[in-house]
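The values are calculated or read from the model by the stated rules, or taken from the named source; none is laboratory data. This one's a predicted model, so the numbers in the text were calculated from it and none came from an experiment. Glycine also receives a Cβ, built like all others from the backbone with ideal geometry; neighbour counts cover every protein chain displayed.
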Amino acid sequence: MSIYAIPISVAIAATALLAACDRESADKEPNVQSATSNEASRSALVQYEAVRASLAKDDIGSATTRAKSLESQARAAAATATGTSKQQWTELAKAAAHLSTLPQQDADEVRKAFGTVSQSLIALLAADPKLAEGLFVFECPMAQGYKKWVQPAPKIENPYMGSKMLECGSKTSL
């Protein structure tokens, strides 16, 4: 073995390692974007749940206020999304923006507008089943307008009926 054999083999190994790291970094760039997209999506789902829970508790003012945060998070999700998903997040943001402008004295209109928000969200979840993991979809036959909603718990807390009929509805699919 010559005295140059070890340094050359070390240099070759180091070059191979650096090349692997470069490939790994290149592979991770889309994952970083995907992670950002997931974070924005999950944040939007948290805000949707806050709106839904407020309506279930008949806290209409909180629901309209929280709809502003939902709009913001949906816009953030749209900014990192692509294709149809981008359009769906934008539609959800528009629906949330409309909900946030309604007077809190008009609970019926706020709840109808929440139906439009739910319809947009359910379309997103149907298109991206991974996003729907751990969520439950319910339907209320007595709701005005769109009748479905999404929540993280299996026990019904109806945002369309609130305390009048909190457990009205049944589990359904997207």
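Of note:
- Within the stretch 88-110, residues that are free of Cβ contacts under 8 Å to residues at least 40 places away in the same chain have Cβ atoms under 9 Å from residues that are surrounded by fewer than 22 Cβ atoms within 10 Å (Cβ to Cβ) and not in a helix (DSSP H, G or I) in these pairs: 88/81; 88/128; 90/81; 108/144; 109/102; 109/103, counting only partners at least 6 apart in sequence or on another chain.
- Meets criteria (at pLDDT 95 or above and within 18 Å of residue 40 (Cβ to Cβ)) for residue 135: yes
- Here residue 108 passes the criteria (1) part of a helix (DSSP H, G or I); (2) under 17 Å from residue 45 (Cβ atoms); (3) not polar (S, T, N, Q) except the one numbered (2).
- So residue 66, is it among the basic types (Lys, Arg), surrounded by 20 or more Cβ atoms within 10 Å (Cβ to Cβ) and touching a residue at least 40 places away in the same chain (Cβ under 8 Å): no
- Tally of residues being in contact with a Ser or Thr (Cβ under 9 Å, 6 or more places away or on another chain) and either hydroxyl-bearing (Ser, Thr, Tyr) or not in a helix (DSSP H, G or I) (or both) across the stretch 126-135: 2
- Selection status of residue 93, among the aliphatic types (A, V, I, L, M), over 23 Å from residue 69 (Cβ atoms) and surrounded by 21 or more Cβ atoms within 10 Å (Cβ to Cβ): no
- Subset of the stretch 73-87 that is surrounded by fewer than 18 Cβ atoms within 10 Å (Cβ to Cβ) and touching a residue at least 24 places away in the same chain (Cβ under 8 Å) - its residue that is farthest from residue 119 (Cα to Cα): 79
- Subset of the stretch 130-149 (residues that are touching a residue at least 40 places away in the same chain (Cβ under 8 Å) and surrounded by fewer than 21 Cβ atoms within 10 Å (Cβ to Cβ)): 131, 132, 135
- Matching residues in the stretch 52-71 - criterion: being of a type in the set (A, V, I, L, M, F, W, C) and closer than 22 Å to residue 86 by Cβ: 67, 70
- Condition met for residue 100 (surrounded by fewer than 17 Cβ atoms within 10 Å (Cβ to Cβ) and part of a helix (DSSP H, G or I)): no
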